[in-house]
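Structure record follows, encoded as C-alpha cells.
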Amino acid sequence: MGFFRKGWRARLMLVLAVVGPGFITASVDNDAGGIFTYSLAGAQFGYTLLWTMIPITVALVVVQEMAARMGAVTGKGLSDLIREEFGFRVTFFLMLALVVLNLTNVVAEFAGVASSLELFGVSKYIVVPAAAALVWVLVVRGTYESIEKIFLLASAFYVCYILAGVLAHPDWKAAAFATVTRPEAEGIRNYGYLYMVIGLVGTTIAPWMQFYLQASVVEKGVTARQYRALRWDVILGCVFTDVIAWFIIVACAATLYANGHHDIGSSGADAALALRPLAGEYAYLLFAAGLFNASLFAASILPISTAYAVCEGLGFESGLDKKFHEAPVFYWLYTLLIVIGGGVLLVPRLPLVYVSVLSQVANGVVLPFVLIFMLLLTNDPELMGDHTNSRGFNIIAWVTVTVTIVMTIAMVLTQR
Amino acid sequence: MAIVALSELLGATVRDATGAVRGKVREVAVVPQDHPTRVAFLVVKTPGGERMLPGDALTACGATIRSAGDASAWERFAPSDRVLLLKRDLLDQQIIDVHGRKVVRVNDVELDAVPADRQMIVNVVAVDVGARGAIRRLAHGAVPSFTMRALLERIPPRVIPWQYVDLLETDPARRVKLKIAYGGLATLHPADIADIVEDLPPAERESVFETLDEEVAAEALEEIDPEIQVSIVESLDSNRAADIVEEMDPDAAADLLGDLTEDHSGQILREMKPDERREVTQLLEFGENTAAGRMTTEFIAVPETAVVDDAIDALKGFEGSREALATIYLTGVNQKLVGSVPLVSIAVSSPAAQLSQLSEPYIACAPDTPQDEVAALFDKYNLITLAVVDEHGRLAGIITADDVITMLRHAN
C-alpha cells in the first residue's frame, strides 16, 4: 500500500518538477523593462508595432526551447558550456558584457518598483533602498523552494494586464488587423521606429533569460527523457508572455496614443496616471499593481542568476549554500549588482522609462551574439547527441540573428 | 626544472633540427597507459596536416619548441581513445580537487620540462585553478611575454598538484583506457564524496557511481540529497544499482526505493540478494515518516542469558553501520525485547560478566510512531539509539541518532 502511494506521489512530483522553469521564465519576461517598452511602443506608435508580436513569439519559442533543451541534455548551464567549448578569453569578455548589460536591466527592475509605488505617493528614495534590501534578504536568507512558490503564485497577477487592456476599450478590429499586417518598409529608415523594434525584441528575448532558463532546467534536474513535458512548459510560457505583451501595447495604444500622450518617458507613473482618466480607476490600479509585482519578481531573479552564470563560467565558487567567505566573488557580485542597480535610481530627475527602455534596446543589440553561441552549441553533435537543432529551428534562429544585427546597423546609421 | 604553462605551449612555433619553422602546437598529449604524467607527443599543425611530434624528440620546450629529428618523420595524428589531450580534455573543464574536496574548473595546466641527456622530458605537474592561470590566458598574445611574467609572479598561485586531481570522463570505455578510476575521490569521507557529486552535472555523477567501489558508492549515496539520489539510481543499470543498494543501510535503501517508480524499484529488488531484499521490502511497507520508515533492521541483539564475551563476538561479526553499534539489545523468549546494554558498559566490564546484570531499562516505540514523537523521545531520554518493537513486543529495528538529526534538518 505504501508502494502504491509513493508511486503516485513520485508521478505527481515528476509533473510538478518539470512544469515550472519555462513558465517562471515567461513570467519574469514581462518585467519592468518589458512593461515600459511595451507601454512606450503603444503610446508612441499605437497599433503600428503589433506586427512584431508574431515573429517575436516564434523566435522566442525557438530560442527558449534551445536553452531548455541544452540544459536538459547536457545538465550544464549556458556559461559552463560556453567556457568548455570556447575557452577562457571568450567567456571572460562575454561575462563582462553580461554583467554590464544585466546591471542596466537591474536598474530597469528597480525603476519599475520605484515608479509603481510613486503612484501611491511613496518617494523613490525610500522605496528603492527598501526594495533592494528586501530582495537581497529574500534571496540570500530564504530557501530556494519557498521563493519559487511565491514567484509561481505571483505569475497569476499578470492576468491584470489583460483586464487593463479590456478596460481600455480598444478598437479590437484595428488591433487584430495590425497584428497580422506586413510592416511598412519605411520603418528601416526611421531611427525611432528601429529603436523601439529592437527594444521589443530585446525585452522579449532578453539574453539573461536564456542563462536563467537553462540554469533552472539544470537545477530542476530535468533530463533528456523528461524533456517532452518541459518543451510544452516552455512553449506555453512563451505564448503567455506575448499575449500579455500584446494586451499592454493595445491598452496603451487605445488610451495614450489615441489621446495624443506620446511621451511617457520621464516616469513609469506617467503611463499609469495617463491611463487613469482614459481607462478608468481600475485599469490604472491594476497597471500599477502589475508593474510593482513584475519588477520585484524579476529583481529577485536577475542579480542572482547573473552571479551564478558569471561565477560558473569563470570558475569561481558559487551557491547560496556556501558561506560568504567561501564564495566571496559570488556574493560580492550579487550584492554590487543590487546596490549599484538600485543606487543609480537615486539620481534626481532620472527619466525612468527612457533608462529602462534603453536597457532593453541594449538587450536587443547583444542578443544576436548570445544567440550565435547558443546556435553553435545546440548544433554540436558531440554535446547534444540526437538532440541537435532541426533545420527549421536553425533557419528561424539564424534569421533572428541576422535581422537583429541588420536592424542594429540600420539604427546606428539612421541616428542623427 | 622549468615550469611551462599549457597555454604558453599552445600556438607556439615548432622548429626542427635545422631551425626551420615546421608549424604550431595544437595539442599536448599524454598516454596514461604508457606513463601517467609524461607528455607522449605534441600535435603540431603543419602545412601537411596535423602531425605528432614525439615527446622524446623535444630539445626545447618553452616559448619556442625544437625537435631533434626531421619533421618528415612525424606521423599523421589520428584521434584515439587512449590519448588524453590536455587542451580538449582538461583546459576549461571541471575536475575534482581531491585535496580541497571540491569541483573546480581548470584555468591552465602546468608542465615541467627537465633537460635529460640532449632531450627534454616533459611532465604534467599541476593544474592551475586560480587568478594566475586566468590572467595568463586572458593576456596571452596581447601583452609582451616579459611583462606578463613579471605580472604573473606577483599573483599568488592556486594550483592543484597532479596527484590530487581526479579527471572526469563520462565514457566508460575511455575511462578504462585513460585509467580514470576516481581513486582520489574514493579515499574521501562519504559525506565529502556526496558534496562533490552534488556539484557535478548528471552524466559525471553517473560516471562516478559506475566506477566507485560498491561499498564506498553506497555510503556516499546515503549522504546525497534524495532528489539527486533518485536521478543517479535511475541513470544506472539495474544490476549496478542493485549492487549499490544492497550495501546501503536498509532504511536508507528503503527510502530511496520508495522514491523510485514501482517498475524501477521492482527491477532493482529482483536483482538484489534475497536477504537484503527481504529486509528492504519489509521497510518499504511502512510510511516514510514513521518510526518504522526511519529504522534500520541491522542491529545487535543477543539472548538475555549471554555474557560480555558473547556480545563482543556479536560486535565482531556485525556488518551494519557503526551508528547501530552504540547499544546491544537483549532478547528473551520469542525474540521479545527485555533490555539494552550501552557499548560503554561492555567495554569496561569483565568478559564473563552477565549482560542481564549490565542491562538498563530500555526505551522503545511502536512502528507507526510519527517521526516528531520519535525525535521527542530522543530528546527526552538523551538517546543514541531507540528500539522499535512490534505489537508482540519483538524487536523490529532500531533508529539511530544520526537518522534523527537528518530527519530534523529535513523537516525544517
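Quick note: the coordinates plus some simple rules give every number you see, no bench work behind them. If you're wondering where the values come from, they're calculated on a predicted model, not measured in any experiment. Here Cβ is always computed from backbone atoms with ideal geometry, including for glycine, and neighbour counts include all displayed protein chains.
Shielding by partners for B:93-102, please: the mean number of other protein chain Cβ atoms within 10 Å of each residue's Cβ.
Whole-number average of other-chain Cβ neighbours for B:93-102 is 1.
Spin-label model, B:Lys24/B:Asp309: points 7 Å from Cα along the beta carbon direction are separated by 8.1 nm. Rounded to the nearest 20 debye, the dipole size of chain A about its Cα centre is 560 debye, using +1 on the Cβ of Lys and Arg and -1 on the Cβ of Asp and Glu. The angle between the Cα long axis of helix B:214-223 and the main principal axis of chain B comes to about 80°, on a 0 to 90 degree scale.
What is the Å³ per residue value for the convex hull set by the Cα atoms of chain A?
154 Å³
Annotation: aspartates and glutamates with alpha-carbon distance below 15 angstrom to A:Lys322 (same-chain offsets under eight excluded): A:Glu312, B:Asp192, B:Asp195, B:Glu198, B:Asp199. For chain A, the residue among A:Pro348, A:Pro170, A:Met384 whose Cα projects farthest onto the positive side of the dipole built from Cβ charges is A:Met384. Specify which residue in the list B:Met248, B:Ser238, B:Leu200 is farthest towards the positive end of the charge dipole of segment B:181-285, using unit charges on the beta carbon of Lys, Arg (+1) and Asp, Glu (-1), about the Cα centre. It is B:Ser238.
What average count of beta carbons from other chains do you get within 10 Å of the Cβ of residues in A:79-90?
On the way: counts 0, 5, 0, 1, 4, 6, 1, 1, 5, 14, 8, 0.
For peptide A:79-90, the averaged partner shielding equals 4.
Computed from Cα atoms, the angle from the helix B:202-211 axis to the main principal axis of chain B rounds to 70 degrees.
Taking the number of Cβ atoms within 10 Å of each Cβ as an exposure proxy, the fewest-first ranking of A:Tyr212, A:Tyr195 is A:Tyr195, A:Tyr212. Residues B:Ser145, A:Ser115, B:Ser235, ranked from the fewest to the most other C-beta atoms within 10 Å, line up as B:Ser145, B:Ser235, A:Ser115. Between A:His169, A:His387, A:His325, the residue with the greatest mean-square fluctuation in the GNM of chain A (Cα pairs under 10 Å linked by springs) is A:His325. Taking A:Leu153, A:Leu346, A:Leu119 in turn, the Gaussian network model of chain A (Cα-Cα springs below 10 Å) assigns the largest fluctuation to A:Leu153.
Counted over all Cα-Cα pairs of segment B:276-412, pairs farther apart than 21 Å make up 40 percent. Mean separation of Cα pairs under 8 Å and 6 or more residues apart, divided by the residue count, gives segment B:2-162 a relative contact order of 22 percent. Would you kindly give the portion of the calculated P(r) for segment B:2-162 that falls above 29 Å, as a percent of all Cα pairs? Beyond 29 Å sits 17 percent of the P(r) for segment B:2-162. Summarised as an ellipsoid, segment A:292-410 has semi-axes of 31, 25, 11 Å, derived from the eigenvalues of the Cα gyration tensor scaled by 5 and square-rooted, with the largest first.
For chain A, the relative contact order is 37 percent, taking Cα pairs closer than 8 Å that sit 6 or more residues apart in sequence and dividing their mean separation by the residue count. Kirkwood Rh and Cα-based Rg: tell me the resulting Rg over Rh for segment A:50-113, rounded to two decimals. The Rg/Rh ratio comes out at 1.08. Axis angle, to the nearest 10 degrees, between helix B:238-247 and the longest C-alpha principal axis of chain B: 60 degrees. What you get for segment B:181-285, charging only the Cβ of Lys and Arg (+1) and of Asp and Glu (-1), is a dipole of about 340 debye around the Cα centre. Rg/Rh for chain B (Cα atoms only, Rh after Kirkwood) is 1.16. Taking packing as the residue-averaged number of other Cβ atoms within 10 angstrom, the listed peptides A:99-108, B:119-128 run from highest to lowest as A:99-108, B:119-128.
In the calculated pair-distance distribution of segment A:16-77, the portion above 13 angstrom amounts to 73 percent of the Cα-Cα pairs. Just list whichever of A:Lys76/A:Lys323; B:Lys273/B:Lys380; B:Lys102/B:Lys380; B:Lys102/B:Lys273; B:Lys273/B:Lys336; A:Lys220/A:Lys323 have alpha carbons separated by over 32 Å in the model shown. B:Lys273/B:Lys380; B:Lys102/B:Lys380; B:Lys102/B:Lys273, as the Cα separations exceed 32 Å there. Remark: segment B:181-285 projects, on average over all directions, an area of 5.7 nm² (convex hull of Cα atoms).
Just need the Rg to Rh number for segment B:8-66, please, alpha carbons only, Kirkwood Rh. Looking at segment B:8-66, the ratio lands at 0.96. A convex hull fitted around the alpha carbon atoms of segment B:244-339 yields 113 Å³ per residue. Radius of gyration (Cα atoms) of the protein assembly as shown, expressed as a multiple of 2.2 N^0.38 Å: 1.13.
Legend: calculated FRET efficiency, B:Ala17 to B:Ala173, from the Cβ-Cβ distance at R0 = 30 Å, rounded to 0.05, equals 0.20. Sorting B:Val98, A:Val412 from the fewest to the most surrounding beta carbons within 10 angstrom yields A:Val412, B:Val98.
Based on C-alpha pairs under 8 angstrom that are at least 6 apart in sequence, segment B:181-285 has a relative contact order of 25 percent.
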